[in-house]
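Everything below concerns the one structure shown next.
The values are calculated or read from the model by the stated rules, or taken from the named source; none is laboratory data. Computed from a predicted model, the values in this text were never measured in an experiment. We place every Cβ from the backbone using ideal geometry, glycine too, and count neighbours over all the protein chains shown.
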Amino acid sequence: TNTTNTNFIKNIVIEDLNEGRVDTVVTRFPPEPNGYLHIGHAKSICLNFELADEFKGKTNLRFDDTNPAKEDEEFVRAIKEDVQWLGFEWDGLFFASDYFDYMYEKAQLLIRKGKAYVCQLNADQIREGRGTLTEPGKESPYRDRPAEESLDLFERMRKGEFKDGEMVLRAKINMASPNINLRDPVIYRISHAHHHRTGDAWCIYPMYAFAHPLEDAHEAVTHSICTLEFEDQRPLYDWIIQECETEHVPHQYEFAKLKLTDTIMGKRYLKQMVDEGVVDGWDDPRMPTVSGLRRRGFTPESIRNFCREIGVTKSDSTVDVKYLDHFIREDLKLKAPRTMGILKPLKVVITNYPEGQVEMLDAEINSENPEMGIRQIPFSREIYIEQDDFMENPPSKYFRLFPGNEVRLKHAYFIKCEEVVKDEAGRVIELRCTYDPETKSGSGFTGRKVKGTIHWVEATRAVPVEFRLYEPLVLPEQEEKEEGSTFLDRINPNSLEVLSGFVEENMKDAEGNDKFQFFRHGYFNVDPKASTKDHLVFNLTVSLKSSFDI
Ligand code: ATP
Ligand code: MG
Ligand code: MG
């Protein structure tokens, strides 16, 4: 891995190693299995795994599954697949639910030490009692109940004697603390919900703030990296580690979440789009999920390089989503075969080319990487070009085909438009052209020049395929929002365009996730899910930077 970039967390690690505070760096990536991973998670994955790799440490994949209601095995499977696809191998694979006994014991320890109590206020009363930034909280009437009584109630909570919400376990810290997180936070709640791994073994579940530090400690994590919104929770994290007397003492560090322009990222919203059928699943190529980006045609390298380059900071900022495109172009530039594809076909008949004859022409597979060699493409009397490469009444500076004009066919000959064939409605359905055999590509012809070069595909052997072109899933946020509007009102109705076109004959055996650069169009990925042997589907990954101006 490339590890030239430094960041403030890496500097902390270096110092900890140098000062002997840490022997082996242990990090973890702790997703909650309640959705698929998105590009923001990828940033956290890269940070945690690359940091440990660089210092010969370890990284665990830990499913933070302490919230039974929303979690699912499907998400566990998908998350593992995505982490591996990104190119990382975890050391330990853990489930926080495996530590339920450990957490329960630690909670009992707190009660015995007088550092936790069972509280019978309801959720609203607890919230009100918390106070505000300017007002201290109010102590719960249950705060000073004897430890024995709390221990007994806690045990009975576990046995299922009480209903959801009837009582909770709270840490006893400081109701007057300026940090509201320290005003006797709830650390266990009753939830008679079925858990995807522990089934009905438990009907009490630890709260995230209590569970997370204990999970870290249990795994001997040294650097627990999370996002900025947990900064105010750090004193609670440290309090729990100290009061629970854990063997290992992890430390929490916070960095800014990745945000992308014009991109909805939160799992909650992505889930809503999936559930409401706005998209075709979590791996819809328009989704900012790792699996969506994969289907779209992004490579692990491009995502890792992107995450590395945007860096790790302490302050929020938004990265232009186009910056991600730059990394896939860079990665595929020398790797992807070049080819020609027609998205919106217009038939061209070359009237002076012998009927029934097909010749094979040589074409470089990648002009920037000659080692990739040569492919052969057929040429004959009938070809397809793009509808957009012809205009009957062109403006000046239009150098593509129009009546009487001559252009170069990439890898082939010059052709000249002689006649326009229209249907009854006046639509152009065919062009009649002539070609000049002298002008064959590679022949060194210098007799005259043309200003336009267009792409084409030989018609009789072309492979009919489907192209899917994408635009952002959500439109930019309006300055003035309508009342009650949600992100669903920003869904772009034109985010997907489906076209029926043609590709070169040599692509007929292309397989899922094969990647190509289509001359003048951009990079496309063979959709691994929608394609079949007889029907290839090409997803536009990213257009070429220089668009159609030739
Ligand atoms: P979301 O807000 O999208 O629901 P989450 O933080 O709730 O995400 P988790 O499964 O809890 O999702 O996240 C796993 C890890 O990924 C956490 O350590 C979290 O901090 C990190 N993470 C989540 N979103 C981002 C992001 N946009 N940028 C960087 N790291 C992120
Ligand atoms: Mg979370
Ligand atoms: Mg979340």
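Numerical summary
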{"read-out": "Odd one out for Lys451 among (1) out of contact with any Phe, Trp or Tyr (no Cβ under 6 Å at 6 or more places or on another chain); (2) more than 26 Å from Pro285 (Cβ to Cβ); (3) in a loop (DSSP other than H, G, I, E, B)", "value": "(1)"}
{"read-out": "Strands (runs of 3 or more DSSP E) lying entirely in the stretch 187-262 (those with 2 or more residues that are of a type outside the set (Phe, Trp, Tyr) and within 20 Å of Leu47 (Cα to Cα))", "value": "223-227, 251-255"}
{"read-out": "Entirely in the stretch 26-103, the strands (runs of 3 or more DSSP E) that have 1 or more residues that are more than 15 Å from ligand 3 (Cβ to nearest atom) and among the hydroxyl-bearing types (Ser, Thr, Tyr)", "value": "26-29, 58-63"}
{"read-out": "Some residue of the stretch 357-365 being within 30 Å of Asp423 (Cα to Cα), outside the structural domain of Arg296 (by TED's automatic domain parsing) and either loosely packed, with under 15 Cβ neighbours inside 10 Å or without any contact (Cβ under 8 Å) to a residue 12 or more places away in the chain (or both)", "value": "yes"}
{"read-out": "From Ile111, Ile126, residue being in contact with a Cys (Cβ under 9 Å, 6 or more places away or on another chain) and β-branched (Val, Ile, Thr)", "value": "Ile126"}
{"read-out": "Search result, residues across the stretch 488-500 that are of a type outside the set (S, T, N, Q), touching a strand residue (DSSP E or B) at 6+ places or on another chain (Cβ under 7 Å) and surrounded by fewer than 14 Cβ atoms within 10 Å (Cβ to Cβ)", "value": "Glu497, Val498"}
{"read-out": "Evaluation of Pro250 against (1) on the phi < 0 side of the Ramachandran plot; (2) in the same structural domain as Val25 (by TED's automatic domain parsing); (3) away from ligand 2 (no atom under 16 Å from the Cβ) (one fails), failing number", "value": "(2)"}
{"read-out": "Lone qualifier among Leu228, Leu258, Leu270 - being of a type in the set (A, V, I, L, M, F, W, C) and within 23 Å of Asp527 (Cβ to Cβ)", "value": "Leu270"}
{"read-out": "Residue in the stretch 386-408 that is in contact (Cβ under 8 Å) with a residue 60 or more places away in the chain and over 42 Å from the mean Cα position of the chain (by Cα) present", "value": "no"}
{"read-out": "Tabulated pairs, the stretch 7-23, first assigned to a helix (DSSP H, G or I), second modelled with pLDDT under 95, C-beta under 9 angstrom, 6+ apart or interchain", "value": "Phe8/Val312; Phe8/Thr313; Phe8/Lys314; Ile9/Val312; Lys10/Thr3; Lys10/Val312; Ile14/Thr6"}
{"read-out": "Residue satisfying all of: in the stretch 1-55; within 20 Å of Lys314 (Cα to Cα) and basic (Lys, Arg); farthest from ligand 1 (Cβ to nearest atom) among these", "value": "Lys10"}
{"read-out": "Subset tally (residues that are under 22 Å from Gly57 (Cβ atoms), in contact with a strand residue (DSSP E or B) (Cβ under 6 Å, 6 or more places away or on another chain) and among the β-branched types (Val, Ile, Thr)) for the stretch 174-231", "value": "3"}
{"read-out": "Some residue of the stretch 26-38 being more than 14 Å from ligand 2 (Cβ to nearest atom), farther than 27 Å from Pro288 by Cβ and not small (Gly, Ala, Ser)", "value": "yes"}
{"read-out": "Scope the stretch 454-470; condition exposed (fewer than 15 other Cβ atoms within 10 Å of the Cβ) and part of a loop (DSSP other than H, G, I, E, B); matching residues", "value": "Thr460"}
